[in-house]
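One structure below.
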Amino acid sequence: MKLHQLSLGYDRGEDRLMLQVSTDRNVEYRFWLTRRMVAALLPALIKQAEHEPAVTQHVEPATRAAVAEFRHQAAVARQSFDKTYVAAEPAPETADKPLLVQQVRMRRAAQGGCVLALGQDGGPAAQLRLGSDLLHGFIRLLTEALAKTDWGITVSLHQAGPRAARRPAH
């Protein structure tokens, strides 16, 4: 099964992010991501994105940061963010309610990008294969969704630790 579309939005009533994943078989999986989960997940995703050979071959931190940012922008430019998400047939596992993600396991994929396993403690996990471009697109979706929250989480591509939003100095 291949990923077809991703959607990520903030639900103010739940104070959670809703991740919707549709597949090429017209099946949709839905996941709740909490602030705690996103605060741990986003820096790990960024580290995965920065692990590309084109980035790691550079020794100088400023060069690495510039190359990482360039590769991120190029990957995002290849994505289609203007398409409206089309809901698919809900998967039986998440038809009644989205799965509250309590555990995320991540590993590098051989062809670049990563494989995410989203699940609940002690339960089975849904595996999402994010190729390099899709990984960068997912980071952008997370960043955009975070902008709609009041969680105070901001992350830059070349700085993989979460931090509180800074206010401009006058």
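The values are calculated or read from the model by the stated rules, or taken from the named source; none is laboratory data. For clarity, every value in this text was computed on a predicted model and none was experimentally measured. Because the Cβ atoms are built from the backbone with ideal geometry, glycine has one as well, and the counts that use them run over all protein chains shown. SASA here: full protein model, heavy atoms, side chains in, ligands and nucleic acids out. Shrake-Rupley method; radii C 1.70, N 1.55, O 1.52, S 1.80 Å.
The table that follows gives values for the structure above.
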read-out: Alpha-carbon centroids, region 111-134 and region 37-102: separation in whole Å; value: 11 Å
read-out: Accessible surface of the chain [probe 1.4 Å, protein heavy atoms]: carbon and sulfur percent; value: 50 percent
read-out: Point-to-point label distance, Val59-Thr34, nm (Cα→Cβ direction, 7 Å offset); value: 4.5 nm
read-out: Restraint check, Lys47/Lys97; Lys83/Lys148; Lys97/Lys148, Cα-Cα greater than 24 Å; value: Lys47/Lys97
read-out: Cβ-defined net charge surrounding Glu89, 13 Å radius [Lys, Arg +1; Asp, Glu -1]; value: -1
read-out: Value of [θ]222 nm, deg cm²/dmol, for the chain, DSSP H segments ≥ 4, -39500 (n - 2.57) each, nearest 500; value: -9500 deg cm²/dmol
read-out: Whole-Hz couplings from phi, Karplus 6.51/-1.76/1.60, listed for region 106-121; x for Gly and Pro; value: 9, 9, 6, 8, 4, 8, x, x, 8, 10, 9, 10, 9, x, 9, 4
read-out: Average accessible area per residue (Å²) across the chain - probe 1.4 Å, nucleic acids and ligands excluded; value: 59 Å²
read-out: Solvent exposure ordering (accessible area, 1.4 Å, most first) of Asp15, Asp133; value: Asp15, Asp133
read-out: Charge context of Gln5, other residues only, Cβ under 15 angstrom, K/R +1, D/E -1; value: +1
read-out: Residues listed by number, region 34-73, amide nitrogen under 13 Å from Phe81 label point at 7 Å toward C-beta; value: 72-73
